[in-house]
Each structure stands twice: as C-alpha cells, then as structure tokens.
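Each value in this text was obtained by applying a stated rule to the coordinates, not by laboratory testing. Computed from a prediction, not measured in an experiment: that's the story for all the values here. Cβ atoms come from the backbone with ideal geometry, glycine included; neighbour counts cover every protein chain shown.
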Amino acid sequence: MANLSRLEALLIRAIQPNDPKEDIFIGQLRSEGANVHHLPVMETVPIDQSSDAGFINNCILNYSSYRRAIFVSRSSVYSLFDWLKKNVKKYPEGLPLGPLHYAIGKTTADTLKNININAEYPKQDFSSEGLLGLPSLLVGDHQKVVIFSGVGGRQLLSHELKSRGFLVDNCELYNRKYLKDFSNEINRLISEDILDVIVVHSGELLENLLSQVTLTNLSTLKLLPLLVPSERIRLLAQSLGFEKIIRSPSASTEQMVSILRECYSNRL
C-alpha cells in the first residue's frame, strides 16, 4: 500500500505557466497514493513590458557588473528567461556571464540548473532568512547585487543586504494576481468533508484562500490540518485561527512529503 493512499490534499499554490514538467510536489504525492486537488488561489503574470522595460533591460545589459544574482522563486527564473525570449534581438546570446547565482531554495536552484546555471542555496531553511545566513552574503563591501522577484512581497532580503553593505537592484518581473476561478470547487470540497489536509506554501496564499471561503465553511476549514513550510507561516496560520498546523522544516518537496507521510501514517 502506498504511504499516502487515499489522502485527500488541497494544494492552492500558483500554476507555473512556463513549466513544461509536472509539479514535482504533486507528482510525489500522487506516486504515493494521494489524491491532490490543485486549485490555485493566485497566479503569476508577466509585468507590462512597456512600463518596466527600461529598468529590466538595464539590469540585463549590465548583468556582468553584478557580483551576485539572486532568484527568489521559480517564477523569477521563468519570467527572466521569458523576457529574454521576447527580446531575443537585443539578447541573441541570452543571459550574459558575470555574477555568482543564488536561489532561495532547492526547487528554484533545480530550475536554474535545468538551464545550466548552478546556484548556491540554503540547505535547510528555504527562505529569505535562510539565504541571508549563507557566509558568502554576510559582508557586502559595496558589491552589486540584483534580486529577481515579483512585484511587492517581502522586502527583508533587499533591506538586510543593503544594511550589510551590498548595492542592491530589485528587478521585479511578474505580478501576483488574485485568482478565484476555483472558489466554488474549494468550497464544495470543504462543505462535503472531503479534504484531509490543506497545503499552503506562503502567507499570501493562505490569506487568499481565506478570502474565498464562505462564512459557512470557514470554521470547518480552520479545523482541517494545515501543512506549512516555515515557522513564520505557522505563526500566521495560528493567528488566523487554525488549530491543527503541521510545520515542515522547509519548503522542499522531500521534507514536506516526509512530514506529511509521517503524520498521515500515524493516523492510520
């Protein structure tokens, strides 16, 4: 019998529109017998090229002048290389050589590796805090850094690197868009008592989920086990009224599946 046989899991993170492969996390859960309901409450969309083209193009044209290049998500990788494809006449050789590359976690590092870029990443805490703990990012000495990210989001990484003496450019490549296409299905799964666990990868996703759940279903939702990838999101979930929170040591597929497997096998 598969380890997660008959487990009903709701996954709400965004679909990666430029990723040709099946989501690794979903694939792992399904291979172990789980039924995954992937119903995103958010999507990522490229920013308007006409409004932000100047700054983004400047970052790429001056790429070799940066000592560090940081990618905060898979979306930042896909968005940058989508930009290069759309502007291939300007960048016929793709991304210039120059900086050392960093990823906020293993999944983002693996995405970069698929396009032949090796990136350093934290081995346990896949977060801004974990990345900031890397020895090579402790002292800036006026070195230039570019951070590829989405519009908005946490500013901890940028602020802390500046305080350490790095010269930071924030290159925002995509927007996070509220998505309510699956609201009816999410509410149906909750009201019919189908779900065993909710998987949430960020605080923003959790808040988007709550905004789509009807008042009738809200108390039921907060009684369901909630799997989160960090202490920061655990504390947020707790403050929002969730009672059964499972914290993974990190957002890695291996650790999130492992702790889910452990918790699920305990209840069989």
Exercise for the section: State log₁₀ I(q)/I(0) for the chain at q = 0.07, 0.15, 0.16 Å⁻¹ as given by the Debye formula over alpha-carbon point scatterers of equal weight, solvent excluded. Expected result: -0.27, -1.13, -1.25
Exercise for the section: Starting from one equal scatterer on each C-alpha and no solvent at all, send me the Debye-based log10 I(q)/I(0) for region 149-268 at q = 0.10, 0.16, 0.21 Å⁻¹, two decimals. Expected result: -0.40, -0.89, -1.25
Exercise for the section: Enumerate the lysines that Lys113 could reach by cross-link, defined here as Cα to Cα under 21 Å, with residues fewer than 8 away along the same chain left out. Expected result: Lys21, Lys85, Lys123
Handout entry: Förster radius 35 Å - calculated FRET efficiency between Glu254 and Lys86 (Cβ-Cβ, nearest 0.05)
Key = 0.55
Practice task
Using a Gaussian network model of the chain whose springs link C-alpha atoms within less than 10 Å, name the residue from Ile194, Ile47, Ile70 with the highest mean-square fluctuation.
Solution key: Ile194
Practice task
For n ≥ 4 DSSP H runs only, could you compute -39500 (n - 2.57) per run for the chain, divide by its residues and tell me the 222 nm figure to the nearest 500?
Solution key: -11500 deg cm²/dmol
Completion exercise
Taking R0 as 22 Å and r as the Cβ-Cβ distance between Leu210 and Asn175, the FRET efficiency 1/(1 + (r/R0)^6), rounded to the nearest 0.05, comes to 0.60
Exercise for the section: Starting from region 221-257, pick out the GluC sites (Glu not before Pro) whose DSSP state is loop and whose Cβ has at most 14 other Cβ atoms within 10 Å. Expected result: Glu243
Practice task
Sort Met42, Met256 so that the residue with the fewest other Cβ atoms within 10 Å of its own Cβ comes first and the one with the most comes last.
Solution key: Met42, Met256
Problem - Relative contact order [Cα under 8 Å, 6+ residues apart], the chain, whole percent - result: 21 percent
Completion exercise
Measuring from the longest principal axis of the C-alpha atoms of the chain, the long axis of helix 203-212 (C-alpha) lies at a number of degrees, nearest 10, equal to 50 degrees
Fill in the blank from the handout: Taking 218-229, 86-97, 171-182 and ranking on average Cβ neighbours within 10 Å, highest first, one gets 218-229, 171-182, 86-97
Problem - Check: the chain dipole with +1 on Lys, Arg Cβ and -1 on Asp, Glu Cβ, in debye - result: 420 debye
Fill in the blank from the handout: GNM of the chain, Cα pairs under 10 angstrom: of Ser191, Ser163, Ser258, the biggest fluctuation goes to Ser163
Problem - Label zone at Leu132, where the point sits 7 Å out along the Cα-to-Cβ direction: region 67-107 residues whose backbone N lies under 15 Å - result: 104
Completion exercise
Convex hull around the C-alpha positions of region 66-113: the volume in Å³ per residue is 71 Å³
Completion exercise
Rounded to one decimal in Å, the inverse mean reciprocal Cα-Cα distance for region 45-177, i.e. its Kirkwood radius, is 14.9 Å
Problem - Efficiency of FRET from Cβ geometry, Asn57 and Arg164, R₀ 30 Å, rounded to 0.05 - result: 0.60
Handout entry: Student exercise, region 168-266 dipole from Lys, Arg, Asp, Glu Cβ charges, in Debye to nearest 20
Key = 160 debye
Exercise for the section: Run the numbers on region 45-177 and let me know its relative contact order in percent, using alpha-carbon pairs under 8 Å that are six or more apart. Expected result: 30 percent
